[in-house]
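> A single structure is presented below for examination.
What follows is calculated from the coordinates using simple rules that are stated; it is not laboratory data. Because the structure is predicted, anything quoted here is derived from the model rather than measured. Reconstructed Cβ throughout: ideal geometry from the backbone, glycine too, with neighbour counts over all protein chains shown.
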Amino acid sequence: MQTIAVMKRYELKYVLNKEQIDYLVNALNGHMEIDEYGKTSIASLYYDTPNYRLIRESIEKPEFKEKVRLRSYGLNKPGKPVFLELKRKAYGIVYKRRITTSVDEVNEFFTNTNNNFDDGQIEKEITYFRDYYERLVPSCLIIYDRVAYYEPDGDLRLTIDYNPRYRVDDLRLDSSMEGISLFDDECAILEIKVQDSIPLWLTNILDKGNIYISSFSKYGEAYKKEVLGLR
C-alpha cells in the first residue's frame, strides 16, 4: 500500500433543497471553480463491527468518533486503485489518513491474512484500528454524484453530493452504482472543507440563501433507515 494523503481540516455539512442548490451554484460564480473532474460518482464501502458499534456510537454525537471506509471513484475495475481511509473527528476537527490499495489487498487485510504493509505511520494507525475493533466487516455502501469546487489561491474546498444513495447488500465496488435514495426529493448534501475559517463572502452567501449547518451522516442515515427501520 502506498501512502498518498494526510488531511486535517474543519468539515461543515448542510442539507440543501433544489432551490438552495440552484441558488448556491449561481452564487459561487466568480468565487470558486469546479475541479478538473466535474461530476464524479463516488462509492464508499463502510466497515463496521457485526453489531454496528462504530455507527451506533457516531450517531450519538460524541466529541470523538472514527470510521474506516474503502472508496472508489466510479465503478471499480480490475487493476483500478481504491483508497482506504481512516477518518477521525475530534472537537470539530477532522483528521483523515488515506492510502492507495486494491480491493484484494483490503479483503486480505480485514481477514487478518495480510499484515505486510510498509512500516509507515498511516499503515500502523489503520492496522491498530482494525485490531482494536477485532472484527470489521463490510456494512454499508454509500454512493453519490459529487461536484467539487476549489478556491483559486486558497485552501477552501466545497463539494455538493447529488442523489446520495445506499446499499446494505451486494457490497461490491465493481457491481453497480445503484442504491436506495437517502432522500425522498431532490435534496443534496453540501460540505465545506477549510483549514481555518469560512471566508466572509461565503458566509454572506449562506446567510442570504438561508443555508444552515445540519448534522448529517450518509452512513448514519442509511443505518437509521435500514437497520432501525426509520424510513
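> How many nm is it between the label spots at Glu33 and Phe216, if each spot is 7 Å from the Cα in line with the beta carbon?
Label at Glu33, label at Phe216, 2.8 nm between them.
> Additional query: Run down the lysines and flag those whose C-alpha is under 26 Å from the C-alpha of Lys65, throwing out any fewer than 8 positions away in its chain.
Result set, ordered by chain and number: Lys8, Lys13, Lys87, Lys89, Lys96, Lys124, Lys193, Lys218, Lys224, Lys225.
> If each residue of separation counts as 0.36 nm, what is the full-extension length gain between Lys224 and Asn51 once their alpha-carbon separation is subtracted? Don't jump to the answer; show the numbers that get you there.
Values: separation 173, 0.36 × 173 = 62.28 nm, distance 1.37 nm.
Full-extension gain reported as 60.9 nm.
> Please report, in debye to the nearest 20, how large the charge dipole of the chain is about its Cα centre when each Lys and Arg carries +1 at its beta carbon and each Asp and Glu carries -1 there.
On the way: 34 positive and 38 negative charges, 95 e Å.
In debye, rounded to 20, the chain gives about 460.
> Work out how much length Asp153 to Lys208 would gain on full extension: take 0.36 nm times their residue separation and subtract the Cα-Cα distance, in nm to one decimal.
On the way: separation 55, 0.36 × 55 = 19.80 nm, distance 2.49 nm.
Result for the pair: 17.3 nm of gain on full extension.
> A follow-up question, please. Estimate the FRET efficiency between Asp184 and Lys77 by the formula 1/(1 + (r/R0)^6), using the beta-carbon distance for r and 35 Å for R0, to the nearest 0.05.
Numbers: r = 33 Å, r/R0 = 0.93.
After rounding to 0.05, the efficiency reads 0.60.
> Ok, one more. Taking R0 as 45 Å, what's the FRET efficiency between Lys8 and Ser175 from their Cβ-Cβ distance, rounded to 0.05? Each step should come with its number before you reach the end.
Numbers: r = 34 Å, r/R0 = 0.74.
Between Lys8 and Ser175 the formula returns 0.85.
> Also, quick follow-up: Quick one: if the Förster radius is 30 Å, what FRET efficiency do Tyr91 and Glu134 give, using the C-beta to C-beta distance and rounding to 0.05? Walk me through the numbers before you get to the answer.
Working: r = 27 Å, r/R0 = 0.90.
Efficiency, from the Cβ-Cβ distance: 0.65.
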